Amino acid sequence: MIKKKHIIDNFTIAEPDAERDYCYNFNAGKTLDNCIGVQEAKFKYGNTNKSMTTPTFINKMLGLSFFSTYIPASKTTAHRITLYGDDTRFYLHQMFSGSYMFLNLYQLKFDNVPVCLSYRHNDQDATIIASADKMIVWKQDVTPYILADAPIVTSMCVNEGVLFATLLNPAYKIWYNKDLNLEKIGEESETAGYISLNDDYGYARKVISFDEHVYIFRDYGISKISIYKNEIVVSEVYKSNTKILTNTISVCGNVILFTTADGVYTFDGVRVQKSKLAINKIISSLENAVAISLGETYYLALKLNFDDGKTLFCEQDECLNNALVVIDVKNFNYQIIRGVDILNFLSLKAENMEKVLVIYNTGYIRTIGEIVKQSYYYEKVLPKYWRKKDVFENNCLKLITKFSVYCDKDVTFTLTADNVPLTFVSTKSGLNEFSFKRQCNKLQLEISSNQASSRVERVEIDYYDC
């Protein structure tokens, strides 16, 4: 018999499947490495890093938003994080102010999670705070005021000097205002009005200014608004067979990403393409899916079906989501973080700081978390797992004689030869070798670790064909 060697030096799983190959809490590529994690958000106050104090009356955080306002009097920019909780109050934190408190903004209350939209009008920064029961305008540091009888704005953007917006009702129209005055949205005049969308693409959910055009994301498609010689023209770009999930639409680098029941899609302004990320086989629910981007990374929270009898962190409760999928749009490498029930994200860019903040459906519902490079869920290490169901991908009888691996210490390797498991634990960093004899037709390899830092570089299996 001729001695052979099977080498695994790429751990990427192109199509995760709970019944075959899958991975969580590892960053699987040419090596198995540490995944990202989630910890309590820290902000710099003076010479120390502190978490922000949750208002006393909040039992659960429901919404986060961020906006910046230029203050002419002081020639400074105020960066503000807003918070909405289950006490229905609206709170505000001014970053870089020396305080780590949230303060109730003018005793404002809303019936549901408000949307914050910032824009400029007459060379002034302004913010609209809109929910189903009221819309409030806040200009610079002037006291916010309620806009009486105003339609409820759900999204807005500016392109070619024209402001476009979607409204809660009616949702088959796109309103525009050439005076850039969001307070006049919903009114018709020589410089304002609406565009009717009389087709079967569904409701208009979101408008985005991208690549010199405005794109309307709808339930089942994408429409484009172009401005030619002061004329507004609408054309259809893409029709989807499955519903586009509004809360997953996000500009990510030089593309827009969105998720449907079919998977994750990219849109470059011309073409819609299904991404190489094939997670469909392990999706359990997209009902509460939500996504955001920072730079060229897309963060998608959803519920996946791991179907292994284990319960990690949030899975011990009745969670709405249980996983965070992190996608690098440059190459569509991805990580799956298991055990985190994320309700919503906030992409934060202010001064020299960039963060992705999160709030939760279950678990740490009174704290704001942030995505970190370390493999932790707050103070707990994220347990890591990788599986290759059929190492040789054939059913020929083999004699396995040696298992060699280049890895960190305390990584567990389980070889299952025809349903008989054999487990090894690395005792050092570097080359670990284990000699044995085991015949099998099929060989499964599992790699796991409960260490905060674990790396596997290369696996070698010596065998003979029988």
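Values in this text are rule-based calculations from the coordinates and carry no lab data. This structure is a prediction, so every number in the text was calculated from the model and none was measured. Counting neighbours? That spans all protein chains shown, and the Cβs are built from the backbone with ideal geometry, glycine included.
Report the Rg/Rh value for segment 115-274, based on alpha-carbon coordinates and the Kirkwood definition of Rh. List each step's numbers first, then the result.
Working: Rg = 15.7 Å, Rh = 16.2 Å.
Reported Rg/Rh (Cα atoms, Kirkwood Rh): 0.96.
Need the full-extension length gain, residue 439 to residue 418, defined as separation in residues times 0.36 nm minus the C-alpha distance. One decimal, nm. Spell out each step's value before the answer.
Details: separation 21, 0.36 × 21 = 7.56 nm, distance 0.84 nm.
Separation in residues times 0.36 nm, less the Cα-Cα distance, equals 6.7 nm.
Give the list, by residue number, of cysteines in the chain with no other Cys Cβ closer than 4.7 Å, or say none.
Cys with no partner Cβ under 4.7 Å: 23, 35, 116, 157, 252, 396, 407, 440, 466.
Assuming 0.36 nm per residue, please report the length gained on full extension of the stretch residue 404 to residue 142 beyond their Cα-Cα distance. Write down the numbers at each step before the final one.
Numbers: separation 262, 0.36 × 262 = 94.32 nm, distance 6.80 nm.
Separation in residues times 0.36 nm, less the Cα-Cα distance, equals 87.5 nm.
Over segment 163-239, what relative contact order in percent results from Cα pairs under 8 Å that are six or more residues apart? Numbers along the way, then the final one.
Values: 147 pairs, mean separation 15.6, N = 77.
Relative contact order, segment 163-239: 20 percent.
Hey, fewest Cβ within 10 Å first, where do 465, 219 land in order?
Ascending number of Cβ neighbours within 10 Å: 465, 219.
Please report how far the C-alpha centroid of segment 357-372 lies from that of segment 185-200, rounded to the nearest whole angstrom.
39
Can you work out D for the chain in µm² s⁻¹ from Stokes-Einstein, where Rh is the Kirkwood radius over C-alpha pairs, the temperature is 20 °C and the viscosity is 1.002 mPa s?
Working: Rh = 24.7 Å.
In µm²/s, the coefficient rounds to 87.
Positive end of the dipole of the chain, charges at C-beta (+1 Lys, Arg; -1 Asp, Glu), about the Cα centre: which of 430, 362, 92 has its Cα farthest in that direction?
430
Return the sequence-ordered ³J(HN,Hα) values of segment 373-387 in whole Hz as given by the Karplus equation 6.51 cos²θ - 1.76 cosθ + 1.60 applied to θ = phi - 60°, using x for Gly and Pro.
7, 7, 8, 10, 10, 6, 8, 9, 6, 6, x, 9, 8, 9, 9
Could you please state, rounded to a whole Å, how far the C-alpha centre of segment 103-129 is from the C-alpha centre of segment 229-304?
Taking the Cα centre of segment 229-304 as reference, the centre of segment 103-129 is 27 Å away.
For segment 345-431, what does the relative contact order come out to in percent, with C-alpha contacts under 8 Å and a separation of six or more?
Working: 76 pairs, mean separation 13.6, N = 87.
Once divided by the residue count of segment 345-431, the mean separation gives 16 percent.
Kindly provide the trypsin sites (Lys or Arg not before Pro) of segment 1-96 that DSSP labels as loop, not H, G, I, E or B, and whose Cβ sees at most 15 other Cβ atoms within 10 Å. Don't jump to the answer; show the numbers that get you there.
Details: sites: 3, 4, 5, 20, 30, 42, 44, 50, 60, 75, 80, 89; in loops: 20, 30, 42, 60, 75.
For trypsin sites (Lys or Arg not before Pro) across segment 1-96 that sit outside H, G, I, E and B with at most 15 neighbouring Cβ atoms in 10 Å, the list reads 20, 30, 60, 75.
Which order results if 347, 226 are arranged by neighbouring Cβ count within 10 Å, fewest first? Could the numbers behind the result be given before it?
On the way: 347 17, 226 14.
Neighbour counts put them in this order, fewest first: 226, 347.
Could you give the length gained on full extension between residue 261 and residue 311, defined as 0.36 nm per residue of separation minus the Cα-Cα distance, in nm?
Details: separation 50, 0.36 × 50 = 18.00 nm, distance 2.45 nm.
Here the segment from residue 261 to residue 311 would lengthen by 15.5 nm.
When ranked by the protection proxy of mean other Cβ atoms within 10 Å per residue, highest first, what sequence do the peptides 62-72, 176-186 form? Don't skip to the end; give the middle numbers.
On the way: 62-72: 17.2, 176-186: 19.2.
Result, highest mean first: 176-186, 62-72.
Which of the trypsin sites (Lys or Arg not before Pro) across segment 306-372 are loop residues per DSSP, with 12 or fewer other Cβ within 10 Å?
For trypsin sites (Lys or Arg not before Pro) across segment 306-372 that sit outside H, G, I, E and B with at most 12 neighbouring Cβ atoms in 10 Å, the list reads 310, 330.
In the structure shown, do any of 30/239; 310/355; 330/355; 3/442 have a Cα-Cα gap over 27 Å, and if so which? Write out the running numbers ahead of the final one.
Details: 30/239 37 Å; 310/355 31 Å; 330/355 19 Å; 3/442 18 Å.
Correct reply: 30/239; 310/355.
Just the number, please: Stokes-Einstein D of segment 246-367 in µm²/s, Kirkwood Rh from C-alpha pairs, 10 °C, 1.306 mPa s.
Details: Rh = 14.9 Å.
Stokes-Einstein gives a translational diffusion coefficient of 107 µm²/s.
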